[in-house]
1. Scan segment 109-126 for residues that are outside any loop (DSSP other than H, G, I, E, B) and crowded, with 19+ Cβ neighbours inside 10 Å and jot them down.
2. Just checking, which of 46, 90 is touching a strand residue (DSSP E or B) at 6+ places or on another chain (Cβ under 8 Å) and within 18 Å of residue 138 (Cβ to Cβ)?
3. What's the number of the only condition in (1) free of Cβ contacts under 8 Å to residues at least 40 places away in the same chain; (2) part of a strand (DSSP E or B); (3) in contact with a helix residue (DSSP H, G or I) (Cβ under 6 Å, 6 or more places away or on another chain) that residue 50 fails to meet?
4. Just checking, does segment 55-76 include any residue being under 13 Å from residue 23 (Cα atoms), assigned to a loop (DSSP other than H, G, I, E, B), in contact with a helix residue (DSSP H, G or I) (Cβ under 6 Å, 6 or more places away or on another chain) and in contact (Cβ under 8 Å) with a residue 24 or more places away in the chain?
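The values are calculated or read from the model by the stated rules, or taken from the named source; none is laboratory data. Note that the structure is predicted; figures quoted are calculated from it, not measured. Glycine also receives a Cβ, built like all others from the backbone with ideal geometry; neighbour counts cover every protein chain displayed.
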């Protein structure tokens, strides 16, 4: 009986304990216009984020050079929901592609140690020049982690 119990415990899929989060893609939210809500998340490895196209003409897309090495990129279609499971620890920055010039961006920290923080900060600093509004939004989000 002990061996059976041990076998069952060892075979448990630990992803069953993973959490799901929802991020809305909005024209207007509590943080302003053209925004993800929430725009800042801290999650654990194995958790899933469901990006919900609450308002039309938005998407969620990982930003090149702003996700951990080895992590999978993602890009949803416009006005379509997408679910992304985060299996590599680090910092992830993402955007709404058609509204990137408005700094419709967000950040997700997976785990406690964002080893790619310096790379993401450097890229975020470079991106400020392309934003026509909310130039400090991405840097502000990262600083809140």
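1. Residues of segment 109-126 that are outside any loop (DSSP other than H, G, I, E, B), as a first pass: 109-110, 117-126.
Of everything in segment 109-126, those that are outside any loop (DSSP other than H, G, I, E, B) and crowded, with 19+ Cβ neighbours inside 10 Å turn out to be 109, 110, 120, 124.
2. Details: 46 fails: within 18 Å of residue 138 (Cβ to Cβ).
None of the others qualify; the one that does is 90.
3. If we test residue 50 against (1) free of Cβ contacts under 8 Å to residues at least 40 places away in the same chain; (2) part of a strand (DSSP E or B); (3) in contact with a helix residue (DSSP H, G or I) (Cβ under 6 Å, 6 or more places away or on another chain), just (3) comes out false.
4. Scanning segment 55-76, I find at least one residue that is under 13 Å from residue 23 (Cα atoms), assigned to a loop (DSSP other than H, G, I, E, B), in contact with a helix residue (DSSP H, G or I) (Cβ under 6 Å, 6 or more places away or on another chain) and in contact (Cβ under 8 Å) with a residue 24 or more places away in the chain, so the answer is yes.
So that you can scan it fast, the table gives a plain yes or no per residue for (1) modelled with pLDDT under 95; (2) surrounded by 14 or more Cβ atoms within 10 Å (Cβ to Cβ):
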residue: 18; (1), (2): yes, yes
residue: 38; (1), (2): no, yes
residue: 45; (1), (2): no, yes
residue: 56; (1), (2): no, no
residue: 62; (1), (2): no, yes
residue: 107; (1), (2): no, yes
